[in-house]
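The values are calculated or read from the model by the stated rules, or taken from the named source; none is laboratory data. Given the structure is predicted, the values throughout are model-derived calculations rather than measurements. In this analysis, Cβ positions are derived from the backbone assuming ideal geometry, glycine residues included, and neighbour counts consider all displayed protein chains. With ligands, DNA and RNA removed, areas are computed over all heavy atoms of the protein, side chains included. Shrake-Rupley method; radii C 1.70, N 1.55, O 1.52, S 1.80 Å.
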Amino acid sequence: MVSALDSTRMVSAQYALKNLRNSDDDSQDTQSSSAASILSSYGLDPSSASLLSNQALSGLLDTLSSQSDTTEETDATGDRADITSASFMAMLKQQLQEAAAAEGESGKAHNMLAALEAGTLTISDPTQGVSVAAWDVDDPDEADTESKAGKAIDVSGWSDFLNAHLERGSDGAFVKENGSYIDQTTDSNAFFGLIGSNYYYLSWPQAAAK
């Protein structure tokens with residue numbers, strides 16, 4: 001059942017998406033503002049708005065707002081990559097390296113990249129019902145690894161999955177600590193965002209307290 005809050009959030013996002021689709025001739029700042037509005041309406045981090053294309057945002061809105069049949073809540077951005085493949089891991093590492101370079105000396109991308117290289121980064125895709133431990137394709141020990149067996153997880157839509165794993169604050173936004181979401185089921189750091197042309201959920205251990 002869709003709650004009043006979900007309905008309001010969906011309507012707000014639809015208006016923002018309409019503005020985004022009509023902003024082809026507008027400035028980049030205007031498009032980023034519309035993108036941030038969509039993300040914020042769902043409680044997601046608006047700081048990544050500039051990384052999302054219009055097509056990707058359309059897919060995200062379709063994915064999150066389809067409440068009637070969660071088995072059909074898949075991204076609308078084309079065929080999905082196989083997250084258990086070496087080619088996906090290579091794409092993931094390249095994207096994290098580029099994001100880390102843009103961050104500077106530290107940040108969330110640095111932490112995810114370090115977790116990838118340490119073998120402690122997990123990639124989940126509930127729309128496909130699979131989760132897998134990421135690996136570093138540049139590790140000599142993984143030179144011949146073409147794919148790894150994934151772990152079966154419940155198939156669900158992103159809205160249900162994120163609500164089950166992330167805590168919402170009183171303002172409706174997902175709670176963050178030190179720049180990352182916290183997975184309530186594992187107490188790990190978490191990130192939800194675009195990898196390649198589709199959305200995935202990444203989690204990695206929190207740093208040990210000093």
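Evaluated against (1) more than 16 Å from Ser85 (Cβ to Cβ); (2) among the aliphatic types (A, V, I, L, M); (3) assigned to a loop (DSSP other than H, G, I, E, B), Ala101 falls short on exactly one condition, (3). Kindly indicate whether Asp183 is touching a strand residue (DSSP E or B) at 6+ places or on another chain (Cβ under 7 Å), of a type in the set (D, E, K, R) and at pLDDT 90 or above. Yes; evaluated as a whole, the condition is true for this residue. With the requirement that a residue be under 19 Å from Ile83 (Cα atoms) and among the small types (Gly, Ala, Ser), what does segment 104-129 give you? Selection gives Ala109, Ala114, Ala115, Ala118, Gly119, Ser124, Gly129. Annotation note: Cβ proximity below 8 Å between a residue of segment 110-139 that is without any contact (Cβ under 8 Å) to a residue 12 or more places away in the chain and a residue that is among the hydrophobic types (A, V, I, L, M, F, W, C) (sequence gap 6+ or interchain) occurs for His110/Ala100. In segment 165-181, the residues that are more than 16 Å from Met112 (Cβ to Cβ) form Cβ pairs under 8 Å with partners that are open to solvent by 30 Å² or more (accessible area, probe 1.4 Å) and among the basic types (Lys, Arg), at six or more places apart or across chains, as follows: Phe174/Arg168; Val175/Arg168. Each residue in segment 94-128 was checked for being of a type in the set (A, V, I, L, M, F, W, C), under 25 Å from Ser159 (Cα atoms) and either touching a helix residue (DSSP H, G or I) at 6+ places or on another chain (Cβ under 7 Å) or at pLDDT below 90 (or both), and 4 of them qualify.
If only residues of segment 75-93 that are touching a strand residue (DSSP E or B) at 6+ places or on another chain (Cβ under 9 Å) and modelled with pLDDT under 50 are counted, the one that is most open to solvent (accessible area, probe 1.4 Å) is Gly78.
Number of residues in segment 133-160 that are within 14 Å of Ser203 (Cα to Cα) and touching a helix residue (DSSP H, G or I) at 6+ places or on another chain (Cβ under 9 Å) equals 2.
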